[in-house]
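Chemist: For reference, the structure I am asking about is given below.
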Amino acid sequence: MKIITYNVNGIRSAMSKNWLSWLQATDADVVCLQEIKASPDVLTDLILIEQLGYQHYWYPAEKKGYSGTAIFTKQTPLHVEYGCGIEDFDREGRNIRVDFEDISVMSVYFPSGSSGDERQTFKYRFLDEFGSYLNQLKWAYPKLVVCGDYNICHKPIDIHNPKSNANSSGFLPAERAWMDEFVESGFIDTFRYLNPEPHNYSWWSFRANARAKNLGWRIDYNMVTTELKSAIKSARILPEARHSDHCPVLLELAL
């Protein structure tokens, strides 16, 4: 199974940059999207997505043009779960999950705290409450893939300048400690499991020509429960895809 996570920073914007041709060439089985910033009723290209063989499930935020997640899949899921049952998170369309016979795949968009103290507080609450939700979920769905934009760099290797960003949202000690605990609770960072090399990033600021200089952050992950460890076949970042300030991250599982 080939799974891709991609924060598209607006699905309509991505589609205007030939995203559907990229999707066709990539030929993933499951595509997890974040920050879709649209509901399907305003999209004119749904038929083109279906012509590529995808069923599509959307969980937009209540606020128009903001947040939201979606999953495209070539295999019909047994069940689709919208949200986590926590109202403040669900109104922002933070997560959607598809369940298959052998595996469950979630697309999740963690909040950013970069806009100020109020959203950083919201982010910490999300980490606490959504983290508890995931810990319970993995017992019900032991073969679970949690794809998405976590808005956290876990280790110094995951950010281009850890010293100057020591006090930046996304690399704060409490956020990184949460990632430590998340991994210790039974999840594997599939990219880092297979790729120990530095200078691998999935997001770049629009400022200061950061992407051309590869001054980035690795904040997009395909995490899997330890039950799927033996199935991890390949994990790659795809920086050549340029539809967003993020790039896609690929996971291949031998199921």
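The values are calculated or read from the model by the stated rules, or taken from the named source; none is laboratory data. Given the structure is predicted, the values throughout are model-derived calculations rather than measurements. Glycine also receives a Cβ, built like all others from the backbone with ideal geometry; neighbour counts cover every protein chain displayed. These area figures cover heavy atoms from the full protein model, side chains too; ligands, DNA and RNA do not enter into them. Shrake-Rupley method; radii C 1.70, N 1.55, O 1.52, S 1.80 Å.
Chemist: Return yes when Ile71 is more than 16 Å from Val145 (Cβ to Cβ) and touching a Ser or Thr at 6+ places or on another chain (Cβ under 8 Å) and no when it is not.
Modeler: Taking the combined requirement at face value, the residue does not satisfy it.
Chemist: Let me ask something additional. Take the residues in the stretch 208-227 that are of a type in the set (Gly, Ala, Ser) and open to solvent by 60 Å² or more (accessible area, probe 1.4 Å), then tell me which one is nearest to Ile4 (Cα to Cα).
Modeler: Of everything passing the filter in the stretch 208-227, Ala212 is nearest to Ile4 (Cα to Cα).
Chemist: Looking at Ile103, is it farther than 23 Å from Glu184 by Cβ, open to solvent by less than 10 Å² (accessible area, probe 1.4 Å) and aliphatic (A, V, I, L, M)?
Modeler: Judged against the criteria, Ile103 is not a match.
Chemist: Could you grab me the full set of residues in the stretch 23-45 that are over 19 Å from Asn95 (Cβ atoms), open to solvent by 40 Å² or more (accessible area, probe 1.4 Å) and at pLDDT 95 or above?
Modeler: Gln24, Ala25, Asp27, Asp29
Chemist: Counting only residues that are touching an Asp or Glu at 6+ places or on another chain (Cβ under 8 Å) and either open to solvent by 20 Å² or more (accessible area, probe 1.4 Å) or without any contact (Cβ under 8 Å) to a residue 12 or more places away in the chain (or both), how many does the stretch 64-76 have?
Modeler: Qualifying residue count, the stretch 64-76: 3.
Chemist: Somewhere in the stretch 154-167, is a residue modelled with pLDDT of 95 or more and within 20 Å of Leu33 (Cα to Cα)?
Modeler: no
Chemist: Looking for whichever is closer than 18 Å to Ile152 by Cβ and part of a helix (DSSP H, G or I) here; the options are Val183, Val224. Which one fits?
Modeler: Result: Val183 is the single residue among Val183, Val224 that is closer than 18 Å to Ile152 by Cβ and part of a helix (DSSP H, G or I).
Chemist: Looking only at the stretch 46-85, how many residues end up being more than 18 Å from Met1 (Cα to Cα), part of a loop (DSSP other than H, G, I, E, B) and out of contact with any helix residue (DSSP H, G or I) (no Cβ under 6 Å at 6 or more places or on another chain)?
Modeler: Here the count works out to 10.
Chemist: Please determine whether any residue of the stretch 46-63 is closer than 30 Å to Glu175 by Cα, open to solvent by less than 60 Å² (accessible area, probe 1.4 Å) and either without any contact (Cβ under 8 Å) to a residue 12 or more places away in the chain or of a type in the set (A, V, I, L, M, F, W, C) (or both).
Modeler: Yes, the conditions are met somewhere in the stretch 46-63.
Chemist: Restricting the search to the stretch 116-128, which residues are of a type in the set (Lys, Arg) and either open to solvent by less than 50 Å² (accessible area, probe 1.4 Å) or not in a helix (DSSP H, G or I) (or both)?
Modeler: Within the stretch 116-128, just Lys123 meets the criteria.
Chemist: If Ile86 passes every condition in (1) open to solvent by 60 Å² or more (accessible area, probe 1.4 Å); (2) without any contact (Cβ under 8 Å) to a residue 60 or more places away in the chain but one, which one does it miss?
Modeler: (1) is the only condition that Ile86 fails.
Chemist: Hey, could you check the stretch 129-157 for residues that are assigned to a helix (DSSP H, G or I) and touching a strand residue (DSSP E or B) at 6+ places or on another chain (Cβ under 7 Å) and say which is least open to solvent (accessible area, probe 1.4 Å)?
Modeler: So the residue we want is Leu134.
Chemist: Here are Ser164, Ser234, Ser205, Ser230: which of them is of a type in the set (Ser, Thr, Tyr), open to solvent by less than 30 Å² (accessible area, probe 1.4 Å) and over 15 Å from the mean Cα position of the chain (by Cα)?
Modeler: Ser234
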